[in-house]
Structure formats: C-alpha cells, structure tokens
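The values are calculated or read from the model by the stated rules, or taken from the named source; none is laboratory data. Note that the structure is predicted; figures quoted are calculated from it, not measured. Positions of Cβ are generated from backbone atoms using ideal geometry, with glycine treated the same way; all protein chains shown enter the neighbour counts. Heads up: the accessible areas ignore ligands, DNA and RNA and are worked out on the full protein's heavy atoms, side chains in. Shrake-Rupley method; radii C 1.70, N 1.55, O 1.52, S 1.80 Å.
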Amino acid sequence: MSDEMPRADEVQNLTPDEVARGISEGRILLVDVREPNETEVESYPDAVIVPLSVFDPSAIPDPKGKQVVFACRSGRRSITASVAAQDQGYPFKSHLAGGIIAWKAAGLPTKT
C-alpha cells in the first residue's frame, strides 16, 4: 500500500444505468454514504448505508466478490469515501457519478 493519498481522478465514475445493471446482475454492492436524515427521506432500494460522518470502510459488509460502488446525493461524498477507503488499503475505486440526483434523473427507482 502506498503512503500517498489517492486522488479523486483515481476513482472510477459509473453511470446510474451501469450501477443499476450491476446491482440487478449481482455484480455490485452499492454503499450509500449519505447521512441518516437523508436516507430516511429517500434512499437507493438496494444500498447498504455507511454514513460519511462516521465512515469506516471496515463497516462495509463483505462484498462477497461484488464490486463496491459508493453513492451519495450528488457524487462528491462518494468520491471522498472511495479515496478514504483506498487510503486504508481497500480496493474500492468506484462511485455513482451524479449520486441520487442522477439516479432519479435516469428514471431509476428510490424508496421513501
């Protein structure tokens, strides 16, 4: 593991359609890093929640071979989570570009 902090450009941007397809095919574990007050109002149907305010990558359930993809509201905190996880030695380099805003704009479902 490098002592150098990973840069945001080392995080892979995935589209809402790519993430939704990966979830439905059982290839992606979506990790929502928004706060409880946000996820209580509206959330991704199949995401696990690990809020960025208390973010610890070891709290992410075993992905069992799935690709871990971070998500948030607009795509900024998900990059922060990916970089933080990489800094701790985890190979989690993907996020949902545009967050739940892009997810909804793509016509994908949320749960309220």
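Scanning the stretch 72-112 for residues that are in a loop (DSSP other than H, G, I, E, B), out of contact with any strand residue (DSSP E or B) (no Cβ under 9 Å at 6 or more places or on another chain) and on the phi < 0 side of the Ramachandran plot yields 73, 74, 88, 106, 108, 109.
Quick one: would you say residue 9 is modelled with pLDDT under 95, assigned to a helix (DSSP H, G or I) and loosely packed, with under 14 Cβ neighbours inside 10 Å? Considered against the rule, which asks whether it is modelled with pLDDT under 95, assigned to a helix (DSSP H, G or I) and loosely packed, with under 14 Cβ neighbours inside 10 Å, residue 9 comes out as yes.
For the stretch 35-52, the set of residues classified as within 23 Å of residue 97 (Cβ to Cβ) and part of a loop (DSSP other than H, G, I, E, B) consists of 35, 41, 42, 44, 45, 46, 47, 50, 51, listed by residue number. Of the residues that sit in the stretch 53-69 and are open to solvent by 40 Å² or more (accessible area, probe 1.4 Å) and not in a loop (DSSP other than H, G, I, E, B), which one is nearest to residue 28 (Cα to Cα)? Per the criteria, the residue is 67.
Contact annotation: residue pairs with Cβ atoms under 9 Å, 6 or more positions apart or on different chains, pairing a residue in the stretch 71-95 that is closer than 20 Å to residue 20 by Cα with a partner that is of a type in the set (Lys, Arg) and surrounded by fewer than 22 Cβ atoms within 10 Å (Cβ to Cβ), are 82/93. Does any residue of the stretch 14-22 turn out to be of a type in the set (Asp, Glu), in contact (Cβ under 8 Å) with a residue 24 or more places away in the chain and open to solvent by 60 Å² or more (accessible area, probe 1.4 Å)? Checking the stretch 14-22: at least one residue is of a type in the set (Asp, Glu), in contact (Cβ under 8 Å) with a residue 24 or more places away in the chain and open to solvent by 60 Å² or more (accessible area, probe 1.4 Å).
Which residues, counting only those in the stretch 70-112, are open to solvent by less than 40 Å² (accessible area, probe 1.4 Å), within 22 Å of residue 25 (Cβ to Cβ) and in contact with a Phe, Trp or Tyr (Cβ under 8 Å, 6 or more places away or on another chain)? Within the stretch 70-112, 70, 71, 78, 82, 92, 94, 95, 96, 100, 103 qualify. Would it be correct to say that residue 65 is at positive phi, out of contact with any His (no Cβ under 8 Å at 6 or more places or on another chain) and not aromatic (Phe, Trp, Tyr)? The answer is yes for residue 65.
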